[in-house]
Amino acid sequence: ADVAGYSRLMSEDEEATASALGACCSVFDRLVGGHEGRIFNTAGDSIVAEFSSPVEAVRCASEIQAEIGANNGGLAEARRMEFRIGIHLGDVLVDGGNLLGDGINVAARLESLAAPGGIALSAAVHEHVEGKLEGEFRFEGEKSVKNIAKPVAVYTLVTEAPEAAGPA
């Protein structure tokens with residue numbers, strides 16, 4: 001996950017952005033742990049988490065987006081902190097306190113395809129969650145993404161205000 005427009009937010013008001021990011025990180029910490037996941041890495045505005053279940057990963061992401069969206073409700077649109085979340089099911093390498101490998105790279109590329117406040121999933125995740133979670137999943141097509149040899153089949157979890165997947 002990462003914040004859409006983070007650099008702009010920081011350039012406009014560093015203290016308010018850092019405070020808002022801290023509040024959002026608290027939401028991530030609580031909900032990721034509550035869904036049997038663990039946060040492996042944070043850097044600036046990005047968060048990498050691992051889950052043992054794709055269903056719990058998507059459930060958690062959906063709850064995170066709903067809670068952060070509700071917290072943004074009273075803010076001017078230009079000051080809202082909106083995360084883009086990408087979820088992929090794949091092998092990873094554990095290197096000390098970090099996760100590495102193609103599974104992480106695909107998730108990062110999916111995140112970049114998610115709309116602000118949205119969630120993008122790979123076909124592997126979609127296969128596991130379809131019919132097990134409420135909500136509508138929309139197939140966005142096969143996407144060629146940076147430094148990944150094969151196109152990635154992308155699905156988005158449709159929220160109250162559906163937007164097409166694409167760079168933000």
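Of (1) of a type in the set (D, E, K, R); (2) touching a strand residue (DSSP E or B) at 6+ places or on another chain (Cβ under 9 Å); (3) touching a residue at least 60 places away in the same chain (Cβ under 8 Å); (4) open to solvent by 30 Å² or more (accessible area, probe 1.4 Å), Asp13 satisfies all except one. Which?
Against the list (1) of a type in the set (D, E, K, R); (2) touching a strand residue (DSSP E or B) at 6+ places or on another chain (Cβ under 9 Å); (3) touching a residue at least 60 places away in the same chain (Cβ under 8 Å); (4) open to solvent by 30 Å² or more (accessible area, probe 1.4 Å), Asp13 comes up short only on (2).
Taking the stated definitions as given, is Val58 β-branched (Val, Ile, Thr) and more than 15 Å from Val3 (Cα to Cα)?
The answer is yes for Val58.
Mind listing whichever residues of segment 73-83 are surrounded by 16 or more Cβ atoms within 10 Å (Cβ to Cβ) and without any contact (Cβ under 8 Å) to a residue 40 or more places away in the chain? Break it down into steps so the answer makes sense when it comes.
So the first thing to find is which residues in segment 73-83 are surrounded by 16 or more Cβ atoms within 10 Å (Cβ to Cβ), and the list is 80-83.
Result: Arg80, single match.
So which residues in segment 89-100 are of a type in the set (Val, Ile, Thr) and either in contact (Cβ under 8 Å) with a residue 24 or more places away in the chain or open to solvent by less than 60 Å² (accessible area, probe 1.4 Å) (or both)? Please lay out each step first, then the result.
The initial filter retains those residues of segment 89-100 that are of a type in the set (Val, Ile, Thr), namely 92, 94.
Within segment 89-100, just Val92 meets the criteria.
Out of Gly44, Gly117, Gly69, Gly86, which single residue is under 21 Å from Ser7 (Cα atoms), touching a residue at least 24 places away in the same chain (Cβ under 8 Å), over 12 Å from the mean Cα position of the chain (by Cα) and crowded, with 16+ Cβ neighbours inside 10 Å? Show your work before the answer.
Details: Gly44 fails: crowded, with 16+ Cβ neighbours inside 10 Å; Gly117 fails: over 12 Å from the mean Cα position of the chain (by Cα); Gly86 fails: over 12 Å from the mean Cα position of the chain (by Cα).
Only one candidate passes the filter, namely Gly69.
Identify the single condition in (1) closer than 20 Å to Val125 by Cβ; (2) touching a helix residue (DSSP H, G or I) at 6+ places or on another chain (Cβ under 7 Å) that Met81 does not satisfy, given that it satisfies every other one.
Checking Met81 against (1) closer than 20 Å to Val125 by Cβ; (2) touching a helix residue (DSSP H, G or I) at 6+ places or on another chain (Cβ under 7 Å), the one that fails is (1).
Quick one: Ser53 ticks every box in (1) crowded, with 18+ Cβ neighbours inside 10 Å; (2) under 28 Å from Lys132 (Cβ atoms) bar one, so which box is it?
Tallying (1) crowded, with 18+ Cβ neighbours inside 10 Å; (2) under 28 Å from Lys132 (Cβ atoms), Ser53 fails exactly one: (1).
Looking only at segment 16-41, which residues are small (Gly, Ala, Ser) and exposed (fewer than 14 other Cβ atoms within 10 Å of the Cβ)?
Within segment 16-41, Ala18, Ser19, Gly22, Ala23, Ser26, Gly33, Gly34 qualify.
Does segment 151-160 include one or more residues that are modelled with pLDDT of 95 or more, closer than 19 Å to Ile64 by Cα and hydroxyl-bearing (Ser, Thr, Tyr)?
Checking segment 151-160: at least one residue is modelled with pLDDT of 95 or more, closer than 19 Å to Ile64 by Cα and hydroxyl-bearing (Ser, Thr, Tyr).
Are any residues in segment 101-114 among the small types (Gly, Ala, Ser), touching a Lys or Arg at 6+ places or on another chain (Cβ under 8 Å) and open to solvent by 30 Å² or more (accessible area, probe 1.4 Å), and if so, which ones?
Answer for segment 101-114, where residues must be among the small types (Gly, Ala, Ser), touching a Lys or Arg at 6+ places or on another chain (Cβ under 8 Å) and open to solvent by 30 Å² or more (accessible area, probe 1.4 Å): just Ser112.
Looking only at segment 137-146, count every residue that is touching a helix residue (DSSP H, G or I) at 6+ places or on another chain (Cβ under 7 Å) and either basic (Lys, Arg) or open to solvent by 100 Å² or more (accessible area, probe 1.4 Å) (or both) and tell me the total.
Step one: list which residues in segment 137-146 are touching a helix residue (DSSP H, G or I) at 6+ places or on another chain (Cβ under 7 Å), which gives 137, 143, 145-146.
Now narrow it down to the ones that are either basic (Lys, Arg) or open to solvent by 100 Å² or more (accessible area, probe 1.4 Å) (or both): 143, 146.
Here the count works out to 2.
Search segment 120-136 for residues being farther than 15 Å from Val152 by Cβ and touching a strand residue (DSSP E or B) at 6+ places or on another chain (Cβ under 6 Å), and hand back the single one that is surrounded by the fewest Cβ atoms within 10 Å (Cβ to Cβ).
This residue is Glu136.
The values are calculated or read from the model by the stated rules, or taken from the named source; none is laboratory data. Only a predicted model underlies this, so the values are computations on that prediction, with no experimental measurement involved. Positions of Cβ are generated from backbone atoms using ideal geometry, with glycine treated the same way; all protein chains shown enter the neighbour counts. When the accessible area is computed, the model is the full protein with side chains, heavy atoms only, and any ligands, DNA or RNA have been set aside. Shrake-Rupley method; radii C 1.70, N 1.55, O 1.52, S 1.80 Å.
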